[in-house]
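Q: A single structure is presented below for examination.
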Amino acid sequence: YLEQTTEVKSLFTQVYNDFKMLHPDFVINFDDDIREGSKVRIYRNHLEQVLVILLDNAFKYSTERKEINFAASTNSALLEVVVQDYGLGIAKNDLKRIFNRFYRVDKARSRKRGGNGLGLSIAKRLIEIYHGSLEVESVVGSGTVFKIELPLVQEDEKDDENETKKND
Ligand code: ATP
């Protein structure tokens, strides 16, 4: 798994289209600033799983304003992803714990929304295994922003891979 690379643009387009299909009542703003051809060193299903966990949470914990911002951009070194909702938000004390296994903010309230409190702990572990980061900022009553950073496969690494193929 750890050696696999994923073409960024096609995955994000697919995840965006899947979300639109599953949640037609939501406005999802997809801000795509992904350089053509960019790749990240992560197994495709793993990155998809992380995006689905974040988007599913954004959907579950939204309230009146059913709107999600989904942004992905690349610079020379990193893929940066933002998943933002305008929902319940998370209090400062809970923010420290949401990445813990089985931690849920409000058990009574959340029970109605389903879930075991595992999604974010899995997302964080997966991203860190691939040397990326997953951070959160939130304001109670206003909403939450999750941010992922993952290193991009560099041009010279791509050449290396081509080299290996040529020599095979
Ligand atoms: P599941 O195991 O199905 O993912 P879950 O949503 O309860 O269930 P996590 O994804 O790990 O589990 O999230 C942990 C807790 O963090 C949630 O129970 C919820 O209280 C809080 N949380 C996560 N995402 C958001 C969000 N976008 N807005 C507000 N609260 C959130």
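Q: List the trypsin sites (Lys or Arg not before Pro) within region 65-109 that DSSP assigns to loop and that have no more than 16 neighbouring Cβ atoms inside 10 Å. Intermediate results must be reported in sequence, preceding the final value.
A: Values: sites: 65, 66, 92, 96, 97, 101, 104, 107, 109; in loops: 65, 66, 96, 97, 101, 104.
Answer by residue number: 65, 66, 96, 97, 101.
Q: Let me ask something else. Starting from 0.36 nm per residue, how many nanometres of slack lie between residue 101 and residue 75 once their C-alpha separation is accounted for?
A: Difference between extended and current length: 6.1 nm.
Q: Put a dot 7 Å past each Cα toward the Cβ at residue 65 and residue 154; how far apart are the dots in nm?
A: 4.0
Q: Counting other C-beta atoms within 10 Å, and keeping those with at most 15, which DSSP coil chymotrypsin sites (Phe, Trp or Tyr not before Pro) do you find in region 1-91?
A: Values: sites: 1, 12, 16, 19, 26, 30, 43, 59, 61, 70, 86; in loops: 1, 26, 43, 61, 86.
For chymotrypsin sites (Phe, Trp or Tyr not before Pro) across region 1-91 that sit outside H, G, I, E and B with at most 15 neighbouring Cβ atoms in 10 Å, the list reads 1.
Q: State the Kirkwood hydrodynamic radius of the chain in Å, one decimal place, computed from all pairs of distinct Cα atoms.
A: Value: 16.8 Å, from the Cα pair sum.
Q: Rank 119, 21, 55 by how far each Cα sits towards the positive end of the charge dipole of the chain (+1 on Lys, Arg Cβ; -1 on Asp, Glu Cβ) and give me just the farthest.
A: Positive-end residue among those listed: 119.
Q: While we're here: Would you mind working out the magnitude of the charge dipole of the chain relative to its Cα centre, with +1 at each Lys and Arg C-beta and -1 at each Asp and Glu C-beta, to the nearest 20 Debye?
A: With Lys and Arg at +1 and Asp and Glu at -1, about 1340 debye.
Q: Per DSSP helix of 4 or more residues, -39500 (n - 2.57); summed, then divided by the residues of the chain. What does that give at 222 nm, rounded to the nearest 500?
A: Roughly -12000 deg cm²/dmol at 222 nm, from the helical runs in the chain.
Q: Now, a different point. If you only keep lysine pairs separated by 8 or more in sequence, or across chains, how many in the chain come under 12 Å at the Cα atoms? Please report the intermediate quantities before stating the final value.
A: Numbers: 9/39; 39/158; 60/112; 124/147.
Summing the qualifying lysine pairs gives 4.
Q: Along Cα→Cβ, 7 Å out, is where each label goes; now give me the distance between the ones at residue 25 and residue 131 in nm to one decimal.
A: The modelled label-to-label distance comes out at 4.4 nm.
Q: Over the C-alpha atoms of region 1-93, what are the Rg and the largest Cα-to-Cα span, Dmax, in Å?
A: According to the Cα coordinates of region 1-93, Rg and Dmax are 13.9, 42 Å.
Q: Counting only GluC sites (Glu not before Pro) that are in a DSSP loop and have at most 13 other C-beta atoms within 10 Å, tell me the longest site-free stretch of the chain.
A: In the chain, the maximal stretch lacking such sites is 65-168.
Q: Then there's this: Assuming 0.890 mPa s and 25 °C, estimate D for region 18-63 with Stokes-Einstein, Rh taken as the Kirkwood radius over Cα pairs, in µm²/s.
A: 197
Q: Right, next: Simple spin-label model, 7 Å along Cα-to-Cβ: residue 147 to residue 4 in nm?
A: Rounded to a tenth, the inter-label distance reads 2.8 nm.
All of the numbers you see were taken from the coordinates with simple rules; none came from a lab. For clarity, every value in this text was computed on a predicted model and none was experimentally measured. Counting neighbours? That spans all protein chains shown, and the Cβs are built from the backbone with ideal geometry, glycine included.
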